[in-house]
Amino acid sequence: MTDTKHDDTNTIWHLSEQGCYVALTHDHLDLQQAIDRVRSPAAGAIVLFAGTTRDNFAGKPVKELQYTAYNKLALRTMLSICKDVQAKHGLKGISMIHRLGTVPIGEESILIAVSSPHRQAAWRAGEEALEACKERVEVWKREEFEGEEGVWRANRDGAVGQKVES
């Protein structure tokens with residue numbers, strides 16, 4: 001069964017289904033909470049990926065990143081990715097949480113946690129989930145550079161995109 005949470009504007013902020021949890025938030029990301037969501041007595045491995053805002057991109061000094069999303073569609077896409085990766089790698093749990101709004105240098109914009117009986121599957125699944133998220137999820141980022149106008153991009157390195165109002 002799918003579990004959803006809504007805010008006052010009826011925007012979906014998280015979905016969960018059979019060992020898969022996905023969320024969008026404007027809050028700081030909690031690494032321990034992401035790990036705890038996938039913890040299982042049947043898992044011999046938990047892998048956590050934390051994507052952080054770095055201080056440069058293509059040789060330019062980055063001031064901060066700003067993320068926006070088409071929430072309802074992004075969450076459905078994230079859940080679909082998690083379910084596919086879970087089935088393919090025999091995961092016990094998978095969690096994908098993306099931060100929206102302003103993400104300063106050194107802070108996390110995405111957490112992906114996976115648990116599996118064996119480490120090889122956990123490593124592969126985590127990377128596969130991240131790449132699918134960057135390729136498919138309806139999240140856009142604005143790179144704010146020191147002394148320059150910001151640039152909207154698709155949520156993948158180097159791919160030019162445009163902000164789409166939701």
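FYI, it's all coordinate maths here, none of it is from the lab. Just so we're clear, the structure is a prediction, and the values are computed from it rather than from any experiment. Cβ placement follows ideal geometry from the backbone for every residue including glycine, while neighbour counts extend to all protein chains displayed.
Let me have the 222 nm mean residue ellipticity of the chain computed from DSSP H runs of 4+ only, each contributing -39500 (n - 2.57), with the sum over all residues rounded to the nearest 500. All intermediate terms of the calculation are to be shown ahead of the outcome.
Working: 3 runs with 45 residues, N = 166.
Calculated from helices alone, the mean residue ellipticity at 222 nm is -9000 deg cm²/dmol.
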Task: Residue order, fewest to most beta carbons within 10 Å, for SER109, SER116, SER95, SER16 - done: SER16, SER109, SER95, SER116
Open item on the list: Run the count for the stretch 51-166, please: Lys pairs, Cα-Cα under 23 angstrom, 8 or more apart or on different chains.
Closed with: 16
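For the stretch 43-128, run through the trypsin sites (Lys or Arg not before Pro) and keep only the ones in DSSP coil with at most 14 other Cβ atoms within 10 Å of their Cβ.
Values: sites: ARG54, LYS63, LYS72, ARG76, LYS83, LYS88, LYS92, ARG99, ARG119, ARG124; in loops: ARG54, LYS92.
Those that pass, being in a loop and sparsely packed, are ARG54.
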Open item on the list: Please compute the volume of the convex hull spanned by the alpha-carbon atoms of the chain and report it per residue in Å³.
Closed with: 112 Å³
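Please get the size of the charge dipole for the chain, origin at its Cα centre, with Cβ charges of +1 on Lys and Arg and -1 on Asp and Glu, quoted in debye to the nearest 20. Spell out each step's value before the answer.
Numbers: 21 positive and 24 negative charges, 131 e Å.
Here the size comes out at about 620 debye.
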Task: Charge-dipole axis of the stretch 12-154 as Lys and Arg at +1 and Asp and Glu at -1 on Cβ define it, positive-most pick from VAL139, GLY93, TRP13 - done: GLY93
